[in-house]
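Quick notes on the structure that follows.
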Amino acid sequence: MKSRFLTLLSLFLILLLAFAIAPSQATRAQGTTITSTTVGGPWNDPDTWIGGVVPTENDSVVIDATEGSVVLSGATTIQGSLTINANAELETNGHALTLKGDFINNGLLNAAASNIILAGTDDQSIGGFTTGGSLQMTKTGGTATLTGNVTAASLILNGSGGTLDLGTGRSHTISGAVTLTAGTLSGNTSTLRVGGNFSVTGGAFLAGTGTVIYNGSGAQNVAGLTYHHLRFQGGGTKTAQGNITVNGNLQVNSGPNFSVGAYDLIVNGSTSISGILTLAHSSGTKTFTGPVSINAGGSWTNSGNASVTFKGGLTHNGNAFTAGSGTYTFSDNDQAIGGSKPISISNLSIPTGITLTNNNTAGLTVTNSLIGGGEMVQGSDSKLNINVLDSNCNVSLNASAAGNTVTYGLAGAQTVLPSSYHHLTLSGSGAKTLPPSLTIAGNLTLSGSASTTTVNNLIIGGDLIIQNSASLSVGSHDFTVNGATTISGSSATSNGALNYTSSIGTKTHGGAVTINAHGVWNNSGNASVTFKGGLTHNGNAFTAGSGTYTFSDNDQAIGGSKPISISNLSIPTGITLTNNNTAGLTVTNSLIGGGEMVQGSDSKLNINVLDSNCNVSLNASAAGNTVTYGLAGAQTVLPSSYHHLTLSGSGAKTLPTSLTI
């Protein structure tokens, strides 16, 4: 009996143990994978899940609600992985979702304004999603890597020891603030768009080779970090909160103003400005290693008078360039300044051994110092304005390129740098001292009240232009102008002047010489002058001196509305000189050379020379012209058909045998 009882008891205990450990609908081992039904439903409803089991924190979850959605019933943490299958949906219903494992999103995470939290210590792979709440990283170990694109209202990292990796080639958008207080944010090769402030009070940012874009429509604080590519979009002022290094490229798109105060700004790649870059303080190192381009609509504003170092050149095609008073140093490499909009720099330094090429076609102006001992090279059609004192200028200059112009425009005395120039302009005021060895392939222009004197033989390959109250004095040297010569002034008392101060040296004008209103021709040195393109006088004064004026090589004309008196005029054999001067051309000592003088309509010619000093032929038949023989002594009238003929002065005037008047 006792034996039977023991046997029955043993069987009962065995059955009881079997029931205790057997799985049922209500119980199962934790850490398993729980899959939703295709219909879905509330997270805490057993009917939402295949097998009627609600997932716990340690489980992995598969959302397969393709005919509805699974809806969170409260704040939910998933220790394992979360998978949303294709065409399936998980709704957060305003509750926070904490992920400690992988997230595979092949369907839809409808997060609304819920916070998505990446936590734990394990490495995670996180698929893309969109939430109107924040993406938070509270991990204390391991790395959460984003494998899809993420959009969130804010990004918060406060997990000491954890890392959020933005992934490879991803594009993430944070419409609000990014806050880094602990942990590591790794840019990898992805793009992070930030619409609010970027605040860093702890932790670390690893730029990788990614891009950070500040794209808010209003003002934003820019974290003082080392970036790879840094870009600004949207609008408002983007203000640096600390030292910034850009290992890649800096880009300021149209709309925003990127402002850097008393902090370092180091850009190792290229800089492209279509908006505004403001250097708001003189403190801090500002270095641009790659090329800097100010594009259409862009502005460079150095309101803080910062000194700037360039290592890859500068191009300005933008809206404005405000350099401030800091020193702009072009160091380390040969570089170029280019663009189609003018650049004015107060202090420009070219270190010894460096060549800076100016390709700017609108004009590079240096207003205070041009120093460093290096070389400035003018590119074709470029313009350079040197408005500095001699004591602040110690560079060498190569200005020979076709079409380029160099202007010395200081309001004060200057010394012109030795060079072969194409176009050379002397303006401003004060004496401009020419170098002993000077070649001008193009034009020489004098304006303002600048003055200069030749110190050696000089050939001007183009035109000579003298304006305002500027003056050029030519001493005992050869002087040749291959192009036209134009002399004008700005008022009755402000006269541009060409002065020949010595009879020594050959003086030749290959093109037309025009003395315009208020211009002055002053040959006080009695130089002989050769003309090859004619002479017109409508100016203030014409002082010919006693040298011989020879009109050679080409048929030419003398014109204008103001009188011209020449002591000795030579017309070589085979040359025709037409007098169109309506106020009167007067020859007072000799009219020689064997060539022909032709009177133009309404012109006036006064021949006041001895017969022995007159051996040209004359054609004076044009309508309205007048020829006057006015020597105080005997003269022989040249054979010609005259329109008006006047005999004046004194002495006998012998008429030719064949005379028509």
State log₁₀ I(q)/I(0) for the stretch 197-277 at q = 0.11, 0.19, 0.20 Å⁻¹ as given by the Debye formula over alpha-carbon point scatterers of equal weight, solvent excluded. -0.23, -0.74, -0.83
If only Cα atoms are counted, what is the Rg of the stretch 154-197, and what is its Dmax, in Å? 10.3, 26
What accessible surface, in Å², does a 1.4 Å probe find on SER299, ignoring ligands, DNA and RNA and rounding to the nearest 10? 10 Å²
Counting pairs of Cα atoms in the stretch 382-425, how many percent are more than 13 Å apart? 49 percent
Flagged links, alpha-carbon separation over 29 Å, of LYS604/LYS653; LYS286/LYS341; LYS432/LYS604; LYS507/LYS653; LYS286/LYS432: LYS432/LYS604; LYS507/LYS653; LYS286/LYS432
To one decimal place, what orientation-averaged projected area in nm² is obtained for the convex hull of the Cα set of the stretch 135-264? 6.7 nm²
How big is the stretch 536-583 along each principal axis, measuring the range of its Cα positions in Å and listing the largest first? 32, 22, 12
Enter the accessible area of SER528 (Å², nearest 10), with the probe set to 1.4 Å and all protein chains included. 60 Å²
Rounded, prolate or oblate (a/c below 1.5 giving rounded, otherwise prolate when a/b exceeds b/c) for the stretch 562-661 by Cα gyration tensor: rounded
Read-out volume of the Cα convex hull per residue in Å³, candidates (i) 198; (ii) 187; (iii) 211; calculated match is (i)
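What 222 nm value per residue comes from the helices of the chain, counting each DSSP H run with n ≥ 4 as -39,500 (n - 2.57) and dividing by all residues, nearest 500 deg cm²/dmol?
On the way: 1 runs with 20 residues, N = 661.
Mean residue ellipticity at 222 nm (helix-derived): -1000 deg cm²/dmol.
Based on the inverse mean of 1/r over its pairs of different Cα atoms, what is the Kirkwood hydrodynamic radius of the stretch 69-201, in Å? Let's see the in-between values first.
Values: mean 1/r = 0.0696 Å⁻¹.
Taking every pair of different Cα atoms in the stretch 69-201, averaging 1/r and inverting gives 14.4 Å.
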Once you sort the root eigenvalues of the Cα gyration tensor of the stretch 376-460 as a ≥ b ≥ c, which label holds: rounded (a/c under 1.5), prolate (a/b larger than b/c) or oblate (the other case)? rounded
Using the alpha-carbon atoms, what tilt in degrees (0 to 90, nearest 10) does helix 2-21 show relative to the longest principal axis of the chain? 20 degrees
Taking 0.36 nm per residue of separation between THR493 and LEU659 and subtracting their Cα-Cα distance, the length gained on full extension comes to 55.1 nm
Whole-Å semi-axes of the stretch 613-661's equivalent ellipsoid (Cα gyration tensor): 18, 12, 10
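Consider all pairwise Cα distances in the stretch 439-592 and report the whole-number % of them above 25 Å. Provide the component values of the computation, followed by the final result.
Numbers: 2345 of 11781 pairs.
When all Cα pairs of the stretch 439-592 are counted, 20 percent exceed 25 Å.
Find the accessible area per residue for the chain; the probe is 1.4 Å, ligands and nucleic acids are left out, and the unit is Å².
Numbers: 25140 Å² over 661 residues.
Roughly 38 Å² per residue, with all protein chains present.
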Report the FRET efficiency, 1/(1 + (r/R0)^6), for ALA431 and ALA634, where r is their Cβ-Cβ distance and R0 is 60 Å, rounded to 0.05. 0.75
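Assign one of three labels to the stretch 128-210, namely rounded, prolate or oblate, based on the Cα gyration tensor with a ≥ b ≥ c the square roots of its eigenvalues; rounded applies when a/c is under 1.5, prolate when it is not and a/b is larger than b/c, and oblate otherwise. Provide the component values of the computation, followed by the final result.
Values: a/c = 1.39, a/b = 1.12, b/c = 1.24.
Since a/c stays below 1.5, the shape of the stretch 128-210 is classed as rounded.
Keeping every protein chain in place, order GLU67, GLU57, GLU375 by accessible area at 1.4 Å, biggest value first, i.e. largest first. Could the numbers behind the result be given before it?
Working: GLU67 140, GLU57 85, GLU375 60 Å².
Final ranking, largest accessible area leading: GLU67, GLU57, GLU375.
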Ordering HIS643, HIS537 by the accessible surface of their heavy atoms, 1.4 Å probe, largest first, yields HIS643, HIS537
Candidate residues LEU417, LEU610: accessible-area rank, largest first, probe 1.4 Å: LEU610, LEU417
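The values are calculated or read from the model by the stated rules, or taken from the named source; none is laboratory data. If you're wondering where the values come from, they're calculated on a predicted model, not measured in any experiment. For neighbour counting, all protein chains shown are included, and Cβ atoms are generated from backbone atoms with ideal geometry for every residue, glycine included. For accessibility, only protein heavy atoms count, side chains too; no ligands or nucleic acids. Shrake-Rupley method; radii C 1.70, N 1.55, O 1.52, S 1.80 Å.
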